[in-house]
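Written out below as structure tokens is the structure these notes cover.
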Amino acid sequence: MIQWFKDVTADSIVFKVFMGVMILSFGIWGIGDVIAPPIDPNVAIQGGRFEVRASEVQRRYDVQIEGLRENLGNEAASDPSLKRVVLDNTVNELRQLAVTNMAAMELGIDVSDERVRDNVHSQEAFKDESGAFNQLRFMQVLGQNGLTEGAFATLVKNDLRQQTFLQPVSVNAAAPKALVDPLFAYRGETRIADTLLIPVDKMTVPAAPTDEQVKKTYDENISAFTAPEYRSFEVVVLTRADLVPPDSLDEAAVRAYYDENAARYHTPEKRRVAQLLFDTQAQAEAARALAAPGDTLAKIAEKAKIGPPMDLGERTSDDAVLAAFGAAAKIGVNEISQPVQTDLGWHLLEVQSLIPEQVTPYEQVSAEVRKLLAEEKAADAIAEVSVRLEDEIAAGTPMDEAAKAVGAIHWGYDSISRDGKVPGNMTLMSDDITARVPKDKLLATAFLTPVGTESPLNEIDGGYYIVKVNSSAPPAPKPMDSVRPEIVRLWEQQERAAAAKALAEKLVTSIGPSSVMSAEMDKDSRLSYAKLGPITRFGESLTRDYVVDSKRVGPEMLEKLFQAKPGEVFTAPVLGGYVVARLIEAVPAKPEGEMAKVADDVSQSTRQAMSQDLLEQFSRALNARFPVTLNTKAINDIAGLATPE
């Protein structure tokens with residue numbers, strides 16, 4: 001058969017073409033993973049010789065999420081859309097780091113270990129009160145951020161390489177005079193004006209409005225006199241603390257839990273360690289050779305004529321600092337170690353004291369153990385109980401009975417507004433429920449759920465809650481007679497404002513370019529005169545000896561002031577009244593005296609903006625020249641997000 005196959009195909013052009021296509025296809029699809037292997041699942045961003053591990057993306061993402069949680073709460077930090085934004089921002093930042101480092105490597109830019117060490121030692125976060133580098137503080141900061149010495153050194157090296165590569169681009173950015181001068185002229189121009197302030201609250205109105213005026217004010221401002229929507233709803237709250245109270249646990253079960261988790265109730269051995277740090281092994285060995293029997297590190301430092309040893313404090317055997325030293329940290333008390341190397345250099349260690357491990361007896365922590373066991377049992381049970389609660393409600397069981405059936409808590413509200421008030425404008429929210437469910441969250445759910453239905457089961461810290469809306473009273477205007485005092489107060493405010501505006505407009509027509517505006521106060525005691533300025537178009541004073549009277553400025557007033565010509569009189573509303581102003585002088589910006597700093601600020605901000613623009617354009621060019629591969633699955637797994645199809 002084989003011989004027949006060879007004879008048939010030996011001179012067949014068709015077969016040779018066919019086999020060529022097959023070989024090419026096999027090369028592309030069959031062995032493609034060998035020629036161009038897929039990205040390592042532990043690598044999130046791959047570009048040439050530079051890669052970003054998924055663990056680094058995870059670390060930076062976790063830091064950002066924790067910051068979001070501290071500022072906006074657990075709900076925001078758990079929101080998938082916000083998690084996606086945080087993840088994308090983290091990846092984009094690291095993607096740019098990869099691109100920049102790829103470009104720097106191509107140019108042969110590298111960072112020496114000595115430069116990394118000098119950079120670490122110069123960072124303020126790692127210095128003690130005397131300004132010296134403190135390894136204890138260094139290790140504490142690394143531990144708080146989930147970093148090892150090696151990982152941190154790599155981060156520093158990458159950042160320094162990026163800075164070295166990008167610095168010439170940003171440093172050489174300049175602020176063109178043709179751009180700075182107009183900006184300074186706009187920013188630094190000031191104006192001075194005479195002003196008369198007419199406060200609304202000093203205007204008088206007739207003794208009382210007529211019925212017709214009351215009705216008109218009521219109709220024109222009906223929204224101000226409309227009662228909000230009120231809803232009647234029930235809420236069932238299921239929390240771990242309510243589900244398994246600590247007092248319900250059997251004493252034998254609590255004791256068994258203590259025995260199973262004995263490691264929690266013992267204090268591990270602690271060693272107080274000091275160190276001397278050297279740049280080279282030779283230096284460390286030379287100092288060690290000076291030690292005589294019974295010498296301490298302090299004595300060795302004195303003999304070697306170097307600085308005193310650094311106290312690393314009391315540390316457990318599994319501490320990150322001692323772990324970096326390995327067996328060298330396990331020497332006996334008052335012993336001196338042989339030289340040991342870390343990423344920071346060479347060390348001599350001394351164990352100055354040792355505290356043996358201690359075990360806390362059950363009797364001292366029984367209440368704490370009982371609470372922990374209750375929390376664990378409740379955490380295991382709450383998922384199943386929440387499903388039972390949903391099933392009970394779906395079956396039509398009344399909310400109070402469903403709550404009782406699963407050990408949850410039930411509350412009912414007959415009539416409550418979106419802001420948590422009952423008719424009569426009184427707040428009525430039970431402390432029992434607001435201690436379990438945030439008030440804003442509960443009310444938002446109650447007013448988003450359609451009447452006659454139940455909300456989905458909503459998660460809260462430590463449990464769940466569900467709301468059923470029974471009825472709704474839509475917003476409705478309050479009877480005019482019931483809010484007549486409020487209507488009268490509003491009418492009076494409007495009348496005073498109208499009177500102030502009318503007076504301001506009258507003054508504008510009577511005051512001329514040469515009138516003495518301060519004399520108007522003698523004619524009308526309700527007026528208040530003051531000279532305004534020099535003031536910028538942003539309502540600021542650029543001199544230390546002048547404070548802007550905020551009652552005399554506002555957006556419309558400033559706009560008119562910088563459109564006016566000298567001697568022109570105008571009026572504009574301000575907070576609490578009206579102002580009548582006459583422009584005295586427009587003062588051009590000059591880079592002299594105190595204004596020299598303003599000119600310098602404009603120049604600096606312009607240069608920084610130009611620098612940022614250059615960096616952005618340069619980065620776009622680098623992105624086009626140095627493409628990177630994103631491991632989408634590994635990246636999405638970091639935040640527990642689904643990978644897009």
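The values are calculated or read from the model by the stated rules, or taken from the named source; none is laboratory data. Only a predicted model underlies this, so the values are computations on that prediction, with no experimental measurement involved. Glycine also receives a Cβ, built like all others from the backbone with ideal geometry; neighbour counts cover every protein chain displayed. Note: accessible area is taken over every heavy atom of the protein model, side chains too, but ligands, DNA and RNA are not part of it. Shrake-Rupley method; radii C 1.70, N 1.55, O 1.52, S 1.80 Å.
Could you sort the peptides 43-54, 86-97 by per-residue average Cβ neighbour count (10 Å cutoff), highest mean leading?
In descending order of packing, they fall as 43-54, 86-97.
Would you mind computing Rg(Cα) / (2.2 N^0.38 Å) for the range 568-645, counting N as its residues?
This ratio for the range 568-645 stands at 2.30.
Going by accessible area, probe 1.4 Å, with all protein chains left in place, what is the ranking of Glu149, Glu363, largest first?
The residues order as Glu363, Glu149, largest area first.
To the nearest 0.05, what FRET efficiency results for Ser471 and His410 with a Förster distance of 22 Å applied to their C-beta separation?
Once rounded, the FRET efficiency stands at 0.80.
Would you mind working out the accessible area per residue for the range 34-168, using a 1.4 Å probe, and quoting it in Å²?
About 54 Å² of surface per residue is accessible.
Going by Cα centres, the range 339-417 and the range 197-236 are how many Å apart?
That distance is 51 Å.
Enumerate the residues in the range 600-621 having an amide nitrogen under 19 Å from the point lying 7 Å beyond the Cα of Leu183 toward its Cβ.
Under cut-off, by backbone N: 600-618.
I need the semi-axes of the equivalent ellipsoid of the range 446-601: take the C-alpha gyration tensor, multiply each eigenvalue by 5, square-root it, list largest first in whole angstrom.
Here the semi-axes work out to 50, 29, 12 Å.
Compute the length gained on full extension between Asp440 and Ser130: take 0.36 nm times their separation in residues and subtract their Cα-Cα distance, giving the result in nm to one decimal.
106.7 nm
Straight-line reach from Lys202: which lysines have a Cα under 26 Å away, not including same-chain ones fewer than 8 places off?
Filter leaves Lys215, Lys216, Lys501, Lys506, Lys523, Lys531, Lys551, Lys560.
Principal axes first, then extents: for the Cα atoms of the range 298-442, list largest minus smallest coordinate on each axis, whole Å, largest first.
84, 38, 32
Among the lysines, which have Cα under 29 Å from the Cα of Lys377 when same-chain residues fewer than 8 positions away are ignored?
Leaving aside lysines fewer than 8 places away in the same chain, those within reach of Lys377 are Lys404, Lys439, Lys441, Lys468.
Return the whole-Å distance between the Cα centroid of the range 163-181 and the Cα centroid of the range 567-645.
Here the two parts' Cα centres lie 16 Å apart.
In Å and from the alpha-carbon atoms only, list the Rg and Dmax of the chain.
38.1, 127
Rounded to whole Å and ordered largest first, report the semi-axes of the equivalent ellipsoid of the range 230-349 derived from its Cα gyration tensor (root of 5λ).
Semi-axis lengths for the range 230-349 are 53, 20, 11 Å.
Once the convex hull of the C-alpha atoms of the range 58-204 is built, how many Å³ does it hold per residue, rounded to a whole number?
In the range 58-204, the Cα convex hull volume per residue is 314 Å³.
If you average the sequence gap of Cα pairs under 8 Å that are 6 or more apart and divide by the length of the chain, what percent do you get for the contact order?
25
Put a dot 7 Å past each Cα toward the Cβ at Val63 and Leu615; how far apart are the dots in nm?
1.6
Given contacts defined as C-alpha pairs under 8 Å and at least six residues apart, what's the relative contact order of the range 495-645, whole-number percent?
For the range 495-645, the relative contact order is 17 percent.
Quick check for you: with a 1.4 Å probe and neighbouring chains kept, what is the accessible area per residue of the range 384-507, in Å²?
Heavy-atom SASA per residue in the range 384-507 reads 56 Å².
What 222 nm value per residue comes from the helices of the chain, counting each DSSP H run with n ≥ 4 as -39,500 (n - 2.57) and dividing by all residues, nearest 500 deg cm²/dmol?
Value at 222 nm, helices only: -15000 deg cm²/dmol.
Summarise the accessible area of the chain (1.4 Å probe, protein heavy atoms) by the percent that is carbon and sulfur.
54
Using the per-residue mean of other Cβ atoms lying within 10 Å as a proxy for protection, in what order, highest first, do the peptides 538-549, 212-223 fall?
Packing proxy ranking, top to bottom: 212-223, 538-549.
How about the range 117-175: which chymotrypsin sites (Phe, Trp or Tyr not before Pro) there are in a DSSP loop, with at most 15 other Cβ atoms within 10 Å of their Cβ?
Taking the range 117-175 and a limit of 15 other Cβ atoms within 10 Å, no loop chymotrypsin sites (Phe, Trp or Tyr not before Pro) are found.
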